[in-house]
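Asker: Have a look at the structure that comes next, please.
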Amino acid sequence: MSSKSAGELGDRESPRAVVVRPRLLQAFAVFGGMILLIQLGGWFGRICQTDVSPIMPSLGLGVAAVVILGVGYAFPAIAFGAFIGTLLLTGSTLGAALDALAQSGGAVLAARLFLRTGDPSLSRLRDFFHFALTGVLGGAGFCTLLLFVASPLESESLSMIHAVETWLALSLGVLIFGTFSLFVFRRQDLRPPKLRGAYEMLLYSTLLAWLVYLLLTDPSLDEHGLLFLLAGCFLLGLLVAIRFGLRPLSLFIVIFVFFLPTFLVVYPDRASLAAVIRHSEAFVTTPGLPAFLGVLGCLLVAAFRDELVALQMKLDLAMASAEMCVWEWSPLGWNFHTQGWCESFGLKPEHTVSDSTLMGSIYPDDRKGFETRMDDLRTGACGPLEYTYRFRDGGGDWRWVQSRAQMLRKTADDDVSVAAGITRDVTQERIAIQARIAAIENEAELKMLRSQLNPHFLFNSLNSVRVLIGRDDPQARTMITALANLLRDVLSMRGDMTHELSREVTIVETYLSIEGIRYGERLAYEIDVDPAASHRKVPGMMIQTLVENSVKHGISQREQGGRIFVRVRIDPVDASLHISVLNDGSLGGPSGGFGIENTRRRISLATSGQGTLSLIELPGPRVEATVVLPADPQTAPPRTHSVT
């Protein structure tokens, strides 16, 4: 693609032309490639004197073309290329039309299935597995089925053995030329990364050529000898897969495919190989099935090797950072593998540290929690460990770190024998959070009444009291008492960032009792709280803000009023606290106003980003606000770098 900007192209070339022109050129290349590869497959089949070509590479090119170029560009090129290529090969117009329909339809089907689950870069083992699966079952399967069903239209029906051989040949074409073409279309380098690797690849190719030479010229070759030589070829492919990965391996296998017809031309008698291929009675001993399994195995090994190399690179990058450490635990002790981190915290890399020594480096108030979580991990009582605590560095200061770990191996008693994890320094993050909390708290103190008990609520409540007094209604005294209690409770916790859930529920009940007097029968509410959650800590005025939002934007906007349901539960799996406020009505805005946004920020800061607040509109219409708070949130980060 051109690197010029739209302005540099001038009047002669639009930005769209810059995109379209390379794709058109690639589509013409696919058209020509389909013709040439069909000729290659047919030529190979004629030389081997077989009814079915041992490999049909054109379908692989077609699948890769649809994946990269899209149906609009690739489909015409595949269809016309397959038609002309087959017509030149067989001279049958009907056969050419059937082959064009089979190859273009199979390519589109395989590509569409692959793009739903995989990445065209084939950078992960699962991506290549999905490509192979969709190509073999979708593309090759569709082509074989169509040719099998339509074969009576051309001449005689295709036998089941020939149908299976056709499917294997098409599958090999997808595995080999599909993978190769994907890399070519994406302009990826297929060579080994170093010059030494290039010479090594040349050596492997020479050995491969020698094996192919024996395969085609040995007069004493029988079925077992054929399988033996094929096994030698695939062992070479396996060696290339382990040494270099998927891209060089795809080039190596393509070279192997081109070696075969080349040697057949040089040695046209080819008596031994042709006889074995033609007269093999047991299908499993013919080259098709071993070749398919061998190629698939080599490609899967290469894809797995590439993924392992990528993971190793990521691990090396993580271990090079002084802020993160990779470690392992076993009953013998702890082993730390990151040089920079160990130097910063006064540990020796790759040196076993005993449990007692490590625990002595953990801040006393945090030591018990760390031991409990490690014991749970060792006995399998919980899932992956995650804990934030204070750890002594090389200079004797306490610094905040966060450890995450999971088990690697278990004993026969189902205890963890080896665990691995990472620990990173989060001191600066905690200091930044502390500064943000302080700023928010200062702002909250000044805006508490405005954001949670806003002037409109106070004004409306006092107006209601005045009306009730004028009517000599006994509810006036109840409302004044409730309003005074509410103001006292709110002012009493102005300096608290969090408080017990029971206090929050009391405020909510008082608030709703006041609003219940104002709205009368238009407001109904229910509060259902798990007793086990009463002592859990929650951000101040959190539920009250959500309930006030429900009244303001939901109940008050409906002539018939509505219902508010507050529910609090503890998740039995991870002990997180789930708070739900459900009300009749619609959302008041994209985020529910200033009170909701302020509450969301307070939840995030109070739980170090682990708590969440979501607001969704349900049919009815109804609105549900859901808060999830982690178990035992650490809401009081230190205010200084060191702890004395």
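Asker: Using 7 Å Cα-to-Cβ label points, what is the A631/L227 separation (nm, one decimal)?
Answerer: Modelled inter-label distance: 5.6 nm.
Asker: About its Cα centre, what dipole magnitude does the range 296-403 give when the only charges are +1 on Lys and Arg Cβ and -1 on Asp and Glu Cβ, stated in debye to the nearest 20? Walk me through the intermediate numbers first.
Answerer: Numbers: 10 positive and 16 negative charges, 16 e Å.
Value, rounded to 20: 80 debye.
Asker: Right, something else. Efficiency by 1/(1 + (r/R0)^6): what FRET value for E526 and I480, r their Cβ-Cβ distance, R0 = 25 Å, to the nearest 0.05? If you can, show how the numbers build up before the last one.
Answerer: Working: r = 25 Å, r/R0 = 1.01.
E(calc), rounded to 0.05, equals 0.50.
Asker: In addition: Which distance in Å, rounded to a whole number, links the C-alpha centroids of the range 511-557 and the range 375-400?
Answerer: Result: 39 Å between the Cα centres.
Asker: Give me the net charge for the shell around V508: Cβ to Cβ below 11 angstrom, other residues only, Lys and Arg +1, Asp and Glu -1.
Answerer: Values: positive: R503; negative: D489, E504, E509, E515, E548.
That works out to -4.
Asker: How much FRET efficiency would the formula 1/(1 + (r/R0)^6) give for L214 and V573, where r is the Cβ-Cβ distance and R0 is 51 Å, rounded to 0.05?
Answerer: Details: r = 62 Å, r/R0 = 1.22.
Efficiency computed from Cβ-Cβ geometry: 0.25.
Asker: A follow-up question, please. Once the cut-off is 15 Å, how many percent of the Cα-Cα pairs in the range 503-568 end up in the long-distance tail? Present the calculation step by step, with values, prior to reporting the outcome.
Answerer: On the way: 1071 of 2145 pairs.
That tail contains 50 percent of the Cα-Cα pairs.
Asker: May I pose another question? Ranking request for peptides 195-203, 30-38, 210-218: highest mean number of other beta-carbon atoms within 10 Å first, then the rest in descending order.
Answerer: Working: 195-203: 12.6, 30-38: 22.7, 210-218: 17.4.
So the order, starting with the most tightly packed, is 30-38, 210-218, 195-203.
Asker: Then there is this: Could you work out how far the C-alpha centroid of the range 88-128 sits from that of the range 616-632, in angstrom?
Answerer: 46
Asker: Which peptide among 422-430, 177-185, 55-63 comes first, and what is the full order, when sorted by highest mean count of other Cβ atoms within 10 Å?
Answerer: Most protected by this proxy first, the peptides run 55-63, 177-185, 422-430.
Asker: By how many nm would the segment from L36 to I255 lengthen if fully extended, with 0.36 nm per residue of separation less the alpha-carbon distance?
Answerer: This chain segment gains 77.3 nm when fully extended.
Asker: Using just the C-alpha positions of the range 72-139 as equal point scatterers, what log10 of I(q)/I(0) does the Debye formula give at each q in 0.17 1/Å?
Answerer: So the normalised log intensities are -0.64.
Asker: Using a 1.4 Å probe and ignoring any ligands, DNA or RNA, find the accessible area of S361 and quote it in Å² to the nearest 10.
Answerer: Solvent-accessible area, nearest 10 Å²: 30 Å².
The values are calculated or read from the model by the stated rules, or taken from the named source; none is laboratory data. As the structure is a prediction and not an experimental result, all values here were calculated from the model. With ideal geometry, Cβ positions are generated from the backbone for all residues, glycine too; neighbour counts draw on all protein chains shown. Only protein heavy atoms, including side chains, enter the accessible area calculation; ligands, DNA and RNA are left aside. Shrake-Rupley method; radii C 1.70, N 1.55, O 1.52, S 1.80 Å.
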